[in-house]
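Participant: I am attaching a structure below and will ask some questions about it afterwards.
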Amino acid sequence: MRVRPVSAVTGALLGLAALASSVVPVLPVQHARAAEQARLPVTIGHRGVPVRAPENTLASIDKAAALGIRWVENDVQRTKDGALVVMHDTTLERTTDVKRRFPGRAPWKVADFPLAEIAKLDAGSWFGRRFTGERVPTLRRYLERVDHNHQRLLLEIKAPDLYPGIERQLAAELRRSGWLDAAHVRDALVVQSFDARSLRTFHGLRPEARTGFLGTPGTRQLRAYAAFADQINPSQRGVTAAWVRAVHAVKGPHGRPLEVSAWTVDDGDRAVALARMGVDAIISNAPQVVEAALTDEEDYATPGLPLSFLGPLDFF
């Protein structure tokens, strides 16, 4: 049988099709999902950058901003007279000069001091002389600075059993400070806690806000937590690839797969290992070290950010 010659146009089209199929093959669905999961985790500065500046302070989040760290983490507590302040420890002794200023007031609990007294404390000189005079920030002042720095915030409700009703007070302050508008809720805020009851309460008050449970629940418990938590944020020591996959297989209250933010990771090799397990974020005292390690691991992934950390969410 005689084969008819192919027209010039048809031949060109066939050539282009062959070239396209050789250069851009159609990926199976599982390959596309793997590519999505291979994006680099978000790096979150734990209390700012506490290896470079005193934790809990505005100087620490400013240092994070200077290093290009887009997310910071910190804790909120309440003073004796009802003010919300940013502080990790439930006592003031370790990171301020409270023991010298108020020697007879042991054990120097945050809840035992009014804001006027806490405002006088030096929260920086213990770290280095150049930070002398740094103060314990109120939550409102802290939120203002995070906004000013164009950063995003992972905010922990610290020891809520010590501060009855703090969830409602926190929700009111976030609203008053503009942090519950569409832009912040979509892109810039996650509220977390070790206390499931507290987190459930906050979710009930402000269901539009994203929330995270601090801990490593078993896979059979994940659906219960997914009723009020968008993230499951474990200690990095207990994380496995299988557990991360199980978390991602469950959808949270906003209809998106649960995320994993692992803490606290200061070693680059461990950060890369966690990234390969599929975690969505890594919380670090040395976020610049983690970010450099992840960026340098060129064979691991195409740089990027998990979509849910960039927003938008679909509940509007």
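Nothing in this text is a laboratory measurement; each read-out follows from the coordinates by a stated rule. Keep in mind that this is a model prediction, so the values were computed, not measured. Every residue, glycine as well, gets a Cβ built from its backbone with ideal geometry; the counts of neighbours run over all protein chains shown.
Participant: What does the charge count near ALA227 come to, summing +1 for each Lys or Arg and -1 for each Asp or Glu among other residues with Cβ under 13 Å from its Cβ?
Facilitator: Taking every other residue near ALA227 into account, the sum is +3.
Participant: Would you list MET277, MET87 from fewest to most Cβ contacts within 10 Å?
Facilitator: The most exposed by this proxy come first: MET277, MET87.
Participant: What list of ³J(HN,Hα) couplings, whole Hz, do you get for segment 174-182 from phi and the Karplus terms 6.51, -1.76, 1.60, once you set θ to phi - 60° and write x for glycine and proline?
Facilitator: 4, 5, 4, 8, x, 8, 10, 6, 4
Participant: Let me have the relative contact order for segment 217-285, percent, based on Cα pairs under 8 Å that are six or more residues apart.
Facilitator: 33 percent
Participant: Now for a different question. In µm²/s, what is D for segment 83-166 at 37 °C and 0.692 mPa s, where D = kT/(6 pi eta Rh) by Stokes-Einstein and Rh is the Kirkwood radius from Cα pairs?
Facilitator: 238 µm²/s
Participant: So what J values fall out for segment 80-89 if you push phi through Karplus, 6.51 cos²θ - 1.76 cosθ + 1.60 with θ = phi - 60°, rounded to Hz, Gly and Pro as x?
Facilitator: Those phi angles translate into 4, 9, x, 8, 8, 10, 9, 6, 7, 5 Hz.
Participant: Kindly write out, for segment 54-70 in residue order, the coupling ³J(HN,Hα) from the Karplus curve 6.51 cos²θ - 1.76 cosθ + 1.60 (θ = phi - 60°), rounded to whole Hz, with x marking Gly and Pro.
Facilitator: Taking θ as phi minus 60°, the curve returns x, 4, 6, 9, 5, 4, 6, 6, 5, 5, 4, 4, 5, 8, x, 7, 8 Hz for segment 54-70.
Participant: Within segment 187-265, what percent of beta bridges assigned by DSSP are antiparallel, to the nearest 5?
Facilitator: Of those bridges, close to 10 percent are antiparallel.
Participant: For VAL85, which sequence-distant residues (separation of 5 or more, or a different chain) have an amide H within less than 5 Å of its own amide H, given hydrogens modelled in the peptide plane?
Facilitator: Sorted by chain and number, the residues that satisfy this are GLN77, ARG78, THR79, LEU139.
Participant: Using Cβ counts within 10 Å as a stand-in for footprinting exposure, how do THR132, THR216 rank, fewest first?
Facilitator: Fewest to most other Cβ atoms nearby, the residues stand as THR132, THR216.
Participant: Related question: How large is the direction-averaged shadow of the alpha-carbon convex hull of segment 193-254, in nm²?
Facilitator: 3.8 nm²
Participant: Please list the non-local residues whose amide H lies under 5 Å from the amide H of ASN233, H modeled 1.01 Å from N, same-chain partners needing a gap of 5 or more.
Facilitator: Amide H neighbours of ASN233: PHE213, LEU214, GLY215, SER261.
Participant: Let me ask something else about it. List the residues whose amide H sits under 5 Å from the amide H of ARG152, counting only those 5 or more places along or on another chain, with H placed 1.01 Å from N in the peptide plane.
Facilitator: TRP71, VAL72
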